[in-house]
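The values are calculated or read from the model by the stated rules, or taken from the named source; none is laboratory data. Computed from a prediction, not measured in an experiment: that's the story for all the values here. Counting neighbours? That spans all protein chains shown, and the Cβs are built from the backbone with ideal geometry, glycine included. Ligands, DNA and RNA are excluded from the accessible area calculation, which covers all protein heavy atoms including side chains. Shrake-Rupley method; radii C 1.70, N 1.55, O 1.52, S 1.80 Å.
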Amino acid sequence: MTVLTHELAENNRRYLERMEMYRGLGYDIDQERLYIIEKAQPISGKILEAGTGKGYFTLALARAGYSFTSCDISAHEQRYARLNLAYYRLEDHVNFEVASLESLPYGNGSYDVIFAVNLLHHLASVMPAAAEMMRVLSSAGKIILADFNDRGLAVIDKLHARDGRIHEVSGATIGAAETIFQRSGFSVNVHRGMYQDVLVVTRQEAFSLQTGPERGIN
């Protein structure tokens with residue numbers, strides 16, 4: 001990707017302006033992303049971010065020092081993420097690929113940690129995406145699924161309204177995802193934040209090894 005210095009600066013200016021708009025509505029994107037990373041600990045092995053979007057979480061994960069693959073169905077959206085990473089000289093941390101979460105081009109058990117942040121509410125159904133994440137997850141891996149709760153969606157609605165747009169929400173929900181993973185034999189820890197809910201999903205056998213027989217699911 002050929003990028004001019006002024007393009008990097010302009011993209012970053014728009015990014016920082018957007019962050020301030022969120023903060024003005026009470027939503028601190030940086031803190032919310034750090035909350036997700038905190039709940040995902042420990043993070044090790046091969047990492048996949050499913051759903052790059054404009055790269056807000058991509059940037060947070062790279063800033064935290066992780067190297068990973070990030071895939072999205074839209075190369076156009078990924079360009080914003082690429083520009084931000086280049087501005088902060090973090091582009092070497094991320095391998096970008098164009099792919100759908102509902103049809104991932106990776107082999108079974110390919111990744112140890114899979115993030116999908118604020119993607120779920122754009123999907124018509126949880127099942128295809130959940131099935132793919134479970135398929136490519138390693139035997140001792142974990143899935144971190146985060147999405148807006150009602151308070152978070154209200155903030156996003158206000159922000160889109162300022163732009164003269166409507167924030168489209170489809171049928172997939174965190175609650176539906178929790179049920180699917182549990183019925184598929186996975187253990188699910190639920191963390192409810194101010195604006196986002198976070199599911200940390202592990203295979204039963206991996207969960208038992210990590211926590212011991214005395215602990216239950218939060």
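Here's how it looks for GLU49: its modeled amide H is under 5 Å from those of THR69, SER70, CYS71, PHE115, which are all 5 or more places away or on a different chain.
Once you charge only the Cβ atoms, +1 for Lys and Arg and -1 for Asp and Glu, what is the size of the charge dipole of the chain about its Cα centre, to the nearest 20 debye? Don't skip to the end; give the middle numbers.
Values: 22 positive and 26 negative charges, 34 e Å.
My answer is approximately 160 debye.
Of the residues VAL169, VAL117, the one with the largest accessible area comes first in the ranking VAL169, VAL117, computed with a 1.4 Å probe on protein heavy atoms. Here the 3J(HN,Hα) profile of the range 133-145, calculated from phi with Karplus coefficients 6.51, -1.76 and 1.60 at θ = phi - 60°, is 5, 5, 5, 8, 7, 5, 4, 10, x, 9, 10, 10, 10 Hz, Gly and Pro shown as x.
Per 0.36 nm of contour for each residue apart, how much would the distance between ALA131 and ASN108 grow if the chain were fully extended, relative to their Cα-Cα spacing?
Working: separation 23, 0.36 × 23 = 8.28 nm, distance 1.12 nm.
Length gained between ALA131 and ASN108: 7.2 nm.
Sorting 50-61, 80-91, 19-30 by their mean Cβ neighbour count within 10 Å, with the most densely packed peptide first, gives 50-61, 80-91, 19-30.
In whole percent, how big is the carbon plus sulfur part of the accessible area of the range 2-150, probe 1.4 Å, protein atoms only? List each step's numbers first, then the result.
Details: 3360 of 6580 Å².
Using a 1.4 Å probe with all protein chains present, the range 2-150 comes out at 51 percent carbon and sulfur.
Using DSSP, restrict attention to beta bridges with both residues in the chain and report what percent are antiparallel, rounded to the nearest 5. Mind showing how you got there, number by number?
On the way: 15 of 32 bridges.
Roughly 45 percent of the DSSP beta bridges within the chain come out antiparallel.
Placing a label point 7 Å from the Cα of THR179 along the Cα-to-Cβ direction, the residues of the range 126-149 with a backbone N closer than 12 Å are 126-127.
Fully extending the segment from ALA154 to LEU25, taken as 0.36 nm per residue of separation minus the present Cα-Cα distance, adds 45.5 nm.
Looking at the range 83-128, the accessible area is 46 square angstrom per residue; that uses a 1.4 Å probe and ignores ligands, DNA and RNA.
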